Every structure is written in structure tokens, then in C-alpha cells.
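To start, the structure under review is shown below, and the notes come after it.
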Amino acid sequence: MNAYDIIRRPVITEQSMEAVADKKYVFMVDIRADKTQIKEAVETAFGVKVAKVNTVRMQGKVKRNGAYPAGKRADYKKAIVTLTADSKTIEFFEGMV
């Protein structure tokens, strides 16, 4: 897998945008990716130095469309990536803060 297979998309929420000030960025990642793969993917994709990676596996919500067969959204994995103090920031998040 290359870096863009591991990093699915950034998470743009109020809480994740507040964490950008502390050089913490939140991404949806491939559910099979481990912390070292996520670290290497972020470093190669954005050209930054990663200090720490925390991951959270989220269960998909149960949703209903009508009466009986209840469906379920897909499970996913979030990664909170902390950059080193001397690393540059990720330009993608600059205009959103």
C-alpha cells in the first residue's frame, strides 16, 4: 500500500481544528493500517516529521431506512497524528483554522 491508500481523508470537525494549534492532525485511515505505516504515510505525503500517532477504531452506527431491515455504516479507524516541535505544519489545514 502506498501513502494515499493508507490515508483516506482528513477529519474536519470543531474539535480537530482546535487541535491543529498543538500540531495534532486527525485523519481517517485504512482499518488495517498500523501506527508505523500511518507515520510513514503522513511523513511521505506531507513532508513533515511525526512524533506520535494515536489510533481509535470506531464502530459504524446502526441506521434504519423504514421499518425492518436495519443497516449499518462501515467501521472505520481514526488516527491522531502529533508532529514534532521543529516540524513544519501541514498546509492543507492552514486556511481552515
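The values are calculated or read from the model by the stated rules, or taken from the named source; none is laboratory data. Treat the numbers as computed from the prediction; the structure is a model and nothing was measured. In this analysis, Cβ positions are derived from the backbone assuming ideal geometry, glycine residues included, and neighbour counts consider all displayed protein chains. Surface accessibility is based on the protein's heavy atoms, side chains included, excluding ligands, DNA and RNA. Shrake-Rupley method; radii C 1.70, N 1.55, O 1.52, S 1.80 Å.
For LYS61, which of the numbered conditions (1) within 14 Å of ILE80 (Cα to Cα); (2) among the charged types (D, E, K, R); (3) touching a Lys or Arg at 6+ places or on another chain (Cβ under 6 Å) fails to hold?
(1)
Need at least 2 residues that are open to solvent by 80 Å² or more (accessible area, probe 1.4 Å) per element, so show me which helices (runs of 4 or more DSSP H) inside segment 1-90 make the cut, counting only ones lying wholly within it.
The helices (runs of 4 or more DSSP H) meeting that bar are 14-19, 35-46.
Identify the single condition in (1) modelled with pLDDT under 95; (2) under 13 Å from the mean Cα position of the chain (by Cα) that GLN37 does not satisfy, given that it satisfies every other one.
(1)
Given the criterion over 12 Å from the mean Cα position of the chain (by Cα) and modelled with pLDDT of 95 or more, identify the matching residue among LYS61, LYS52.
Just a single option satisfies the conditions, and that option is LYS52.
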